Structure formats: C-alpha cells, structure tokens
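Note sheet for the following structure.
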Amino acid sequence: MYSPTTQHSERMKFSPRALAAWLLPVLSMVVLAMSAGGSPSVAQDSQTLGLDAETTDKAPERQLVLRFVTEGDFPPFNFYDEDGQLTGFNVDLARSICLEAAVACDIQVKPWDELMLTLRRGESDAVIAGHRITAKSVQEADFSTPYLYTPGRFAVRHNAEKLDISPEGLQGQRIGVIRGSAHEAFLKTFFRDSRIEVHPSSESAREAMVNGKLDYLFDDGISLSFWLNGTLSQQCCEFRGGPFLESKFFGDGIAIAVKKGDRQTRELINRSIASLRESGRFEEIIGRYFPYRIY
C-alpha cells in the first residue's frame, strides 16, 4: 500500500549511481548559470521542476516613455506661444511629471473631440487637457488625483463695503451670474435672498460689474482671476470670500485621464503629482500661469 512512509523509504533506497545520474543535469545548469555571471533564476528553477514559467510572479515592466496628448488652443492651460512652441500650465505639468518619474516625455496635440479616443486606441497613455472629473467622464476613462479645482468666487469693487460673504451677509445685494451655469444654480440654491441678476454671457456680466450696475459677480475663479488681472476689468475689483468648492455644482476637480484599467500609469502619475506638491514645484508651475490667486 502506498503511503508517505513508503515513498520516503523508496527515496532512501536510491543507489549512488542513480542519484548521480539524477543530479548531474541539475548541477550542470547551475554551473552554466554561475559561469555566465548570474545565478539560477526563478524561471530556470521552474523549467527544471517541470512547471509553467508563466505561473511565476513577474515584476511590472518599467515605463520608459509617457505619452501625453493635449489640445492646443486653451490658454493658459495648453496653447502655442508667439514662437509656435507648445506651452501652458498642462504642458509644463506633464513635463514635470515625466521628470519626476524619470521617464521620457512625448506630448502630442489633438483636437478636443479626439483626445479620449487616443486612449482607447492605444495611441496615448494619458490625456492632460483640463478634463473635469464628472459622472460622465469616469465612464470613458480612469483619472489621476485632481491637480486643480475650479472654485466659484465672488468679485467685488475695491471700495465696496466689507460684508460677510454668506447668504445672510449678501441679502438684497445685486449679484451677477451667467445664465445656465453651475454658478447660477449655486446662487439660486444658497443665496436665494440676494438679487440674482442673470446675464447671457460672462462679458455682459463683467461689463455690468465695471459700470457699477452690480454689487457682486459670481463666476469661475480661474477665468475671473485673469479678468481681474487684465485690462478689461479696468482694475475695478478683487476677490472676496470663498473659494466655493461644492462638488455637486463645481465638480471634483481637473485631473489627468488614463485608459480604463491602466493602474500602472495612473499610480505613476499620482506619485509624481504628490512629489511635486511636497517639493513646492507644483506651486511654482501654478505661479507661472495664474498671477492672481484662485483659491
């Protein structure tokens, strides 16, 4: 009858000649591996034991190139400068991520409607073009941790009375906002006792602000920052209160899109963004393109 004890006894009955015949091929492989300057690998051991090498764990391949795609006409995020060179906040951030991850950087420009398609076709590894994390966008791609938020901000004339920027503090105040925007929905939810004046465009709302027809202007903090710092505002106004970052109205931030299920690229980008923040280099990049603080 077969038993572990019986098997053990049979192995003990190997003759010296039989044992040498069994060991010789194995020892030969070891000697050959050592003479080549290495040691027997896991794959060699698996082959010796008659196992499938694919069943052994493999270290993930190191990424050597990170292929970004962006759009070329969305300043200050991505645009061509007067010398025809691609530049912008997203472009500098992509290059900094590559530098931090110690990989080569390839940045291509595609039309906005084709950006996400490049991920599905395998033509790119990441899209960095100002995409917001929304319920719709997460169905198309996975996203990195947000690298920028688009807060709602109030702009007010420099010489205006300093009121508390709250629903109670702004009761009865004339607040301009763009029709159909998330900012309009936000005001009508939380600032219902204010005099909300809806404008067809940001231009008309800002013109009304310059001309003193509004007490406050509520809009996207990023675009407002450039208006405040530009000539069209006539240096009339400043930020007060906020920033307001309620995700229900203003989203979960702007992030880098990667192909669904591409965990390796996503984690590489996340580690690089975290390192850039910790070192202070991320704030340096923001300072190049956002002269007026948005938060």
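The values are calculated or read from the model by the stated rules, or taken from the named source; none is laboratory data. These numbers were taken from a predicted model, which means no experiment stands behind them. With ideal geometry, Cβ positions are generated from the backbone for all residues, glycine too; neighbour counts draw on all protein chains shown.
Observations, loosely collected:
- Scope the range 193-221; condition within 20 Å of Gly241 (Cβ to Cβ) and among the hydroxyl-bearing types (Ser, Thr, Tyr); matching residues: Ser194, Ser202, Tyr216
- Checklist (1) exposed (fewer than 13 other Cβ atoms within 10 Å of the Cβ); (2) assigned to a helix (DSSP H, G or I); (3) in the same structural domain as Arg132 (by TED's automatic domain parsing) applied to Leu276, failing item: (1)
- Among residues of the range 123-136, those that are surrounded by fewer than 17 Cβ atoms within 10 Å (Cβ to Cβ) and in contact (Cβ under 8 Å) with a residue 24 or more places away in the chain, counted: 2
- Inclusion of Glu168 among residues that are outside any strand (DSSP E or B), in the same structural domain as Gly242 (by TED's automatic domain parsing) and loosely packed, with under 13 Cβ neighbours inside 10 Å is warranted.
- Test result for Ser225, assigned to a loop (DSSP other than H, G, I, E, B), hydroxyl-bearing (Ser, Thr, Tyr) and not assigned by TED's automatic domain parsing to the domain that holds Lys136: no
- Qualifying residue in the range 94-105 (condition: of a type outside the set (Gly, Ala, Ser), over 18 Å from the mean Cα position of the chain (by Cα), surrounded by 19 or more Cβ atoms within 10 Å (Cβ to Cβ) and at pLDDT 95 or above): no
- Restricting attention to the range 177-214 and to residues that are assigned to a strand (DSSP E or B) and within 32 Å of the chain's Cα centre (by Cα), the residue that is surrounded by the most Cβ atoms within 10 Å (Cβ to Cβ) turns out to be Val177.
- Members of the range 143-165 found to be in a loop (DSSP other than H, G, I, E, B) and more than 30 Å from Val127 (Cα to Cα), listed by number: His158, Asn159, Ala160, Glu161, Lys162, Leu163, Asp164, Ile165
- Residues of the range 155-173 classified as touching an Asp or Glu at 6+ places or on another chain (Cβ under 9 Å) and touching a residue at least 40 places away in the same chain (Cβ under 8 Å), total: 7
- Candidates Gly212, Gly241, Gly221, Gly230 - the one that is out of contact with any Asp or Glu (no Cβ under 9 Å at 6 or more places or on another chain), in contact (Cβ under 8 Å) with a residue 40 or more places away in the chain and under 30 Å from Leu93 (Cα atoms): Gly221
- Exactly one residue among Phe154, Phe68 is touching a Phe, Trp or Tyr at 6+ places or on another chain (Cβ under 6 Å), surrounded by 18 or more Cβ atoms within 10 Å (Cβ to Cβ), among the hydrophobic types (A, V, I, L, M, F, W, C) and modelled with pLDDT of 95 or more, and that residue is Phe154.
- Single residue of Arg95, Arg67 found to be in contact with a helix residue (DSSP H, G or I) (Cβ under 9 Å, 6 or more places away or on another chain) and of a type outside the set (Phe, Trp, Tyr): Arg67
- Some residue of the range 191-207 being within 30 Å of Asn90 (Cα to Cα) and touching a helix residue (DSSP H, G or I) at 6+ places or on another chain (Cβ under 8 Å): yes
- When the range 79-103 is filtered for residues that are over 21 Å from Ala274 (Cβ atoms) and without any contact (Cβ under 8 Å) to a residue 60 or more places away in the chain, the ones remaining, listed by number, are Phe79, Tyr80, Asp81, Glu82, Asp83, Gly84, Gln85, Leu86, Thr87.
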